[in-house]
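Rule-based calculations on the coordinates, nothing more; no lab input. Keep in mind it's a predicted model, so treat the numbers as computed, not measured. Here the Cβ positions follow ideal geometry from the backbone for every residue, glycine too, while neighbour counts run over all protein chains shown.
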């Protein structure tokens, strides 16, 4: 028993080293991608794009959970985006009379003659409204069906060829649509989606710096590094533009944007046609800086739940390609926290019982904490190397030294959050029991020629 | 064994941490240096701007300007180019003349031959600004023509924008042909620049592309013409309206309201209203309304009665544009009790308000 525990601790330490090296390589790849993008540069043509009638219209979607001032404010922010042809589609998922009254008052709604298509199956639509004011807003009042159902109802209601998905919990610039549509126009036929944004900025406290480090690592690995192989996935704080036809051909939403991207990748790979999902590292959108541990946990929990859900449904969503796309995310966000936590438990128990000697426990500590510090420091340095024009040396210093306290205490707590979050997305819907055949997204294997 | 593993791991991580710390200090000192340099270089920008503003206002004293251009060349160029979007006409010519006199244009021509993509891009962007001035264009010479074949689309775009400013029909035709063969982004950007030469281009370059056998380019050309949103002296649109390619037909339908209404176009529009699919019906209804096509009244009334809500709305708006017969038709339909009646009543109300009745 003693030997088995000791060997297990050593094996976990070696595995953690291997995973750490893998993550470092991913960060380095991200650095090269960012460097290449920075060197190529991109002219800003927003002034021309704003005026041109040739720029495709965009429908931005809001799925407010209630009629709170925050929800109304988010819808207003979407309406204030600088774009020639931006239509805001608000889907109210089974609103109460009082909630409907709030939206009515806010936008001066009147019944619309617009007919909502039924390309994606959704709960019945109760009514469609437009504003009497000169603003392009469409409000859909539908029976309660959950957020995914609401997303799909929004896609049905959209009349534009491009859909904008912006995160209510992130800060985005008014010209975000113009900046994101530009790379899409450079290869309009091949590009099916664009994902843009930057990591959150470090605030004054340690928690906000740790949050910024987390955001930076996710941005470099999930955004930049994966984009090298054309496998970009949305990262926290990112904004997304996606072609409506591609969403419909993919069978609509099955979860959040991460699942949608996974499915788009799966379908495009199965079809074998050239496609592009672009990563745009421009400061147009970023997640808000967390000031407290509770906020950080909330941000993490949301992201981790989406990853967990996508991982457990990967075969249904993207067939054999699901693992290929999600592999690195699984190692980083599921396997590593499990191994670290298990390693700590075994090492502590082993030390108390005298089954594990101090050098073995130190090796584990080095693999978990030491490697963690090195990875966070590497992320900071590599980002600065990739973007040589960043003039903010104070930000670099703050982030670089935050890597030490991040891994002493916080990292262990974060592991517990990640483990809890990975499987806390609720029961997985069994496709054959809960949904009719028509409700399910089309199988990836049958998707040749689509997307 | 475990001690060896620990030592190896410790040494490797330690070395790596040392390396990262060294990199960190290098990156930090570079960023800090840049910040300080940035503060330093901006010191003379206000003076340079003032000197340039005085020069543009008519001052002939170039002593200060020459001093700035010699000592703070990079900052001077940046300041000069800041005037890009704010000056036009003779002030622009004066600024371009200054750039030529100070040999900036020659520098940019040299940079245009660089193998570094970013340097080349920057050079052509700058040249595209000064090439509005004929003497600068002469200095750039064949460079701009050759750059239309560059591997970098950004360089091609800048060169094309520079050539457009010459107003020479041969060069404009080349740029138009380039625009229809490039990405949608380049097409959008060049369409804006080419708009003011629309009439000249309609004489030869546009008909040549439209009669060509590349449907992609034909669609692209039609998109540009539609985006210009101005009346065009273009013959032979009926051939495109009658095309087998649906995309060409749709774009030609969008364009129909901007060209002269010939008997062929008229009969094809009526045919689309009668026999086309939903999208063709909608576009034809839009065009009929814009052109106030009285012969289309029965077909529009049918679209209003039997079409989808979008088509019905557009048909009703078209009828509202054609008083008194269009209004009479709307009145008749509005007397009913179906959804078409509501749409007709709303359109009639809008039409009357617009006409001040």
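Structural remarks
- Extending 7 Å from the Cα toward the beta-carbon at both residue B:134 and residue B:308 defines two label points whose distance is 5.5 nm.
- Cα long-axis angle, helix A:293-312 against chain A (0 to 90 degrees, to the nearest 10): 80
- In terms of other Cβ atoms within 10 Å, B:48, B:314 run from fewest to most in the order B:48, B:314.
- Rg in Å to one decimal, and Dmax rounded to a whole Å, for chain A via C-alpha atoms: 23.0, 77
- 25 °C / 0.890 mPa s Stokes-Einstein diffusion coefficient of the stretch B:180-260, Kirkwood radius on C-alpha pairs, µm²/s: 197
- Sum of -39500 (n - 2.57) over DSSP H runs of 4+, divided by residues of chain B (222 nm, nearest 500): -23000 deg cm²/dmol
- Sequence of A:313, B:34, A:39 once ranked by neighbouring C-beta atoms within 10 Å, starting from the fewest: A:39, B:34, A:313
- When both bridge partners sit in chain A, DSSP labels roughly 50% of those beta bridges antiparallel.
- Nearest-ten-degree value, helix A:336-353 long axis tilted from longest Cα axis of chain A: 30
- Fraction of the pair-distance distribution of the stretch A:62-192 above 22 Å, Cα-Cα pairs, percent: 37
- Rounded Å value of the spacing that divides the Cα centres of the stretch B:121-151 and the stretch B:249-266: 37
- Estimated translational D of the stretch B:219-269 in µm²/s (Stokes, Kirkwood radius over Cα pairs; 10 °C; 1.306 mPa s): 148
- Relative packing of peptides B:334-342, B:93-101 - highest average C-beta neighbours within 10 Å first: B:93-101, B:334-342
- Percent of Cα pairs exceeding the 16 Å cut-off, where the set is the stretch A:214-279: 45
- Helix A:321-330 axis, angle to chain A major axis (alpha carbon atoms, nearest 10°): 50
- Cα centroid separation - the stretch A:290-333 against the stretch B:157-230, whole Å: 47
- Cβ-based exposure ranking for A:279, A:107, B:44, A:74, in which fewest neighbours within 10 Å come first: B:44, A:74, A:107, A:279
- Three principal axis lengths of the stretch B:262-357 [C-alpha, angstrom, descending]: 34, 26, 17
- Prolate/oblate/rounded label for the protein assembly as shown (Cα gyration tensor, a/c 1.5): oblate
- Gyration tensor verdict on the stretch A:286-364 (Cα atoms; rounded if a/c is under 1.5, prolate if a/b is larger than b/c, oblate otherwise): oblate
- Beta bridges per DSSP with both ends in the protein assembly as shown, % antiparallel, nearest 5: 50
- The stretch A:205-356: proportion of alpha-carbon pairs further apart than 25 angstrom, %: 37
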